[in-house]
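Visitor: What follows is a single structure, and I will ask about it in a moment.
The values are calculated or read from the model by the stated rules, or taken from the named source; none is laboratory data. Computed from a predicted model, the values in this text were never measured in an experiment. Using ideal geometry, Cβ is built from the backbone for each residue, glycine included, and neighbour counts are taken over all protein chains shown. Side chains included, ligands, DNA and RNA excluded: accessible areas come from the protein's heavy atoms. Shrake-Rupley method; radii C 1.70, N 1.55, O 1.52, S 1.80 Å.
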Amino acid sequence: MGRQPALPPPRGPATLQQYLRAGLIDELHLAIVPLLVGRGERLLDHVEEGIEGYRVAEMISSPAVTHARLVRR
């Protein structure tokens, strides 16, 4: 059997939330930057049951950014 085709990149929080809830993501790299924008969608809202299947495999921080790599349990 061949390799599974990659998913298209998410087009915003709603698409990523759907992928997480459906269990379609094996690994996720988040770059978290402290920035106040006032409004917007929260990335991990509405995925309570979806995010529980992941663990933080790596986290690297600096004053400017935090990189977190989540992998499926």
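Visitor: Order H29, H67, most accessible first, counting only protein heavy atoms with a 1.4 angstrom probe.
Guide: Largest accessible area first, the residues go H29, H67.
Visitor: Related question: Could you list the GluC sites (Glu not before Pro) in the range 11-68 that lie in coil according to DSSP, counting only those with at most 10 other Cβ atoms within 10 Å of their Cβ?
Guide: On the way: sites: E27, E41, E48, E49, E52, E58; in loops: E41, E52.
Listed in order of number, the matching sites are E52.
Visitor: Right, next: Might you tell me the accessible area per residue for the chain, computed with a 1.4 Å probe and given in Å²? If you can, show how the numbers build up before the last one.
Guide: Numbers: 5970 Å² over 73 residues.
I get 82 Å² per residue for the chain.
Visitor: If you roll a 1.4 angstrom probe over the protein chains with everything in place, what fraction of the accessible area of the chain belongs to carbon and sulfur, to the nearest %?
Guide: Values: 3330 of 5970 Å².
Carbon-and-sulfur percentage of accessible area, whole number: 56.
Visitor: Specify, per residue and in Å³, the volume enclosed by the convex hull of the alpha carbon atoms belonging to the chain. Before the final figure, lay out the partial values.
Guide: Details: hull volume 8.3 nm³, N = 73.
Once divided by residue count, the hull of the chain is 114 Å³.
Visitor: Tally Lys/Arg at +1 and Asp/Glu at -1 over every other residue whose Cβ is under 11 Å from the Cβ of H29; what's the total?
Guide: Numbers: positive: R69; negative: E27, E58.
Spelling it out: positives minus negatives among the neighbours equals -1.
Visitor: Which of R42, R55, R11 moves most in a GNM of the chain, Cα contacts under 10 Å?
Guide: R11
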